[in-house]
Amino acid sequence: MFALVDVNNMYVSCERVFRPALQGKPVVVLSNNDGACIARSNEAKDLGVTMAQPWFQVRHLERTAGLIALSANFELYGDMSGRMMTVVAQYAPRQEVYSIDESFLDFDGVRGDLTTLGREMRARVLQWTGLPTSVGFGPTKTLAKLANHIAKMADRQRGNYPAELAQVCHLGEMNDAQRERLFAATEVGSVWGIGRRMTARLNEGGIRTVAELLRADLSTLRKQFSVLLEKTVLELRGTACLSLDDEPAAQQQIMCSRSFGAPATALPGLVEVISQFAARVAEKLRQQRAAAGAVQVFISTSPFRTHDRQHSPSVTLPLLRPTDDTRALIGAAVQALRAMFRPGFNYVKAGVMLVDLQPKGQQQGELDLFSADATPASAAAPHDTAALMATVDALNRRFGRGAVSIGSPHNQVGGGAHAGKHERRSPRYTTRIDEIPVARA
């Protein structure tokens with residue numbers, strides 16, 4: 001039996017933990033550069049604010065409806081996520097952290113009433129972290145995900161589903177007739193893996209609810225859509241096609257990109273930004289215990305600034321040998337930037353992506369006949385590099401990101417001239433000692 005534990009409106013809920021006055025009020029969290037709404041409280045959803053809606057389109061609701069907008073505080077959200085995942089992991093033998101706010105648990109072999117256990121788990125997460133969650137149980141991952149959706153909707157929109165399913169829903173303990181009624185009341189687009197385009201195609205074919213999808217012919221679905229939809233239907237019928245992943249799959253690409261608070265027109269400023277991005281992806285690369293074979297860099301003007309000249313180039317630079325050394329990756333990224341930069345353009349976005357990723361230590365070595373340093377001492381360089389990078393990462397984990405950095409991006413640690421806007425960001429209560437909450441008697 002699987003369970004999916006999901007934090008309700010994760011980013012907003014993290015903000016409310018430390019600012020109780022936000023409870024019951026319409027709140028949105030804005031993306032980097034305060035551009036779009038990437039999280040909404042239920043009250044904001046009721047005002048009609050949609051996911052990823054540009055902030056300028058709903059800004060008038062600040063005045064007319066009391067909408068509160070906050071800049072994204074990813075450092076806080078990541079730390080709160082880790083705390084929540086640690087709590088729920090105590091309830092099951094195996095866990096798969098699916099996203100920052102979702103975790104699959106495998107309750108195979110766990111005795112007792114799982115619904116009661118789910119409510120106990122939810123109560124403990126709320127007590128220990130302050131985060132409200134929904135819990136869904138099902139014999140497959142897809143059914144657990146659907147049960148979680150029902151638990152969330154039963155709590156938020158009373159009347160659509162039975163009230164007893166609010167917050168915790170266990171599809172595995174229901175009989176066929178009970179599940180049929182729930183599936184008939186659930187739109188097919190609510191199923192995990194069925195996106196907007198597929199939903200529209202299914203609707204055109206007369207399939208609008210989960211119950212209608214379950215009655216569809218599998219061979220026809222495979223021909224008209226894909227084997228993935230066939231597996232989804234099998235999962236909904238109770239046949240497990242997806243296993244629990246104890247270890248997340250290694251990323252095939254690692255990217256860091258941002259929009260700027262103000263346009264960048266000079267090369268030195270862009271060098272600082274690109275260096276900072278390269279340092280960040282290098283850190284992520286080492287966390288994955290991988291090495292990159294190439295570095296891709298892009299810079300872009302804004303297509304919405306119609307009076308500006310447009311220039312959005314991208315350069316991919318192969319490396320002599322795969323590496324996770326921040327210094328080498330910054331050097332390659334800056335070299336790519338210099339090759340494509342053109343003066344006279346207002347660049348508003350940039351990014352660095354590491355590609356051709358390989359497991360660390362499994363790269364094929366070669367004799368470098370053209371190296372400027374061909375002395376025997378250079379043979380120890382890879383080991384020295386690994387030790388140096390491990391030390392840098394350890395110091396940054398202990399004293400905070402940016403405590404130790406390469407010279408080029410060092411000036412960017414505080415933000416830099418082209419840092420994204422975060423004028424509405426709340427304090428990083430749990431990770432910065434100088435921003436810790438203060439209680440006054």
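Numerical summary
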item: Loop-resident sites, the stretch 114-174, for trypsin sites (Lys or Arg not before Pro), counting at most 15 other Cβ within 10 Å (DSSP); result: Arg158
item: Extreme residue, positive dipole direction of the stretch 44-90, given options Thr86, Leu70, Val49 (C-beta unit charges); result: Val49
item: Distance between the stretch 220-246 and the stretch 21-92 - C-alpha centres, whole angstrom; result: 32
item: On Cα atoms only, tilt of 381-399 relative to the major axis of the chain in degrees; result: 60
item: Projected label distance in nm at Arg237 and Arg208, using a 7 Å step from Cα toward the beta-carbon; result: 2.5
item: Theoretical gain in end-to-end length, Asp113 to Gln57 [0.36 nm per residue, Cα-Cα removed]; result: 15.4 nm
item: Highest-fluctuation residue, Ala185, Ala387, Ala282 considered, GNM on the chain with Cα pairs under 10 Å; result: Ala387
item: Rule-of-thumb Rg ratio for the chain [Cα; 2.2 N^0.38 Å; N residues]; result: 1.12
item: Within the chain, helix-based [θ] at 222 nm, where runs of 4 or more DSSP H residues each add -39,500 (n - 2.57), nearest 500; result: -11500 deg cm²/dmol
item: Estimated FRET transfer efficiency (Ser257, Val227; beta-carbon r; R0 45 Å; 0.05); result: 0.85
item: Point-to-point label distance, Ala266-Val404, nm (Cα→Cβ direction, 7 Å offset); result: 3.1
item: Solvent exposure of the chain as accessible area per residue, Å², 1.4 Å probe; result: 52
item: Exposure of Leu354 as accessible area (Å², to 10), given a probe of 1.4 Å and all protein chains; result: 0
item: Contour minus Cα-Cα distance for Ala123 and Arg321 (0.36 nm per residue); result: 66.2 nm
item: Percent carbon-and-sulfur accessible area, the chain, ignoring ligands, DNA and RNA, probe 1.4 Å; result: 52
item: Extended-chain gain in nm, criterion 0.36 nm per residue less alpha-carbon gap, Asp356 and Arg342; result: 2.3 nm
item: Calculated FRET value between Ala387 and Glu164, using beta carbons and R₀ = 45 Å, to 0.05; result: 0.20
item: Inter-label distance, nm, simple model (7 Å from Cα along the C-beta direction), Arg289/Ser190; result: 4.1
item: Rel. contact order, % - alpha carbon contacts under 8 angstrom, at least six apart, the chain; result: 16
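The values are calculated or read from the model by the stated rules, or taken from the named source; none is laboratory data. Note that the structure is a prediction, hence the values are computed from the model and not measured. No Cβ is skipped: glycine too gets one built from the backbone with ideal geometry, and neighbour counts run over all protein chains shown. Side chains included, ligands, DNA and RNA excluded: accessible areas come from the protein's heavy atoms. Shrake-Rupley method; radii C 1.70, N 1.55, O 1.52, S 1.80 Å.
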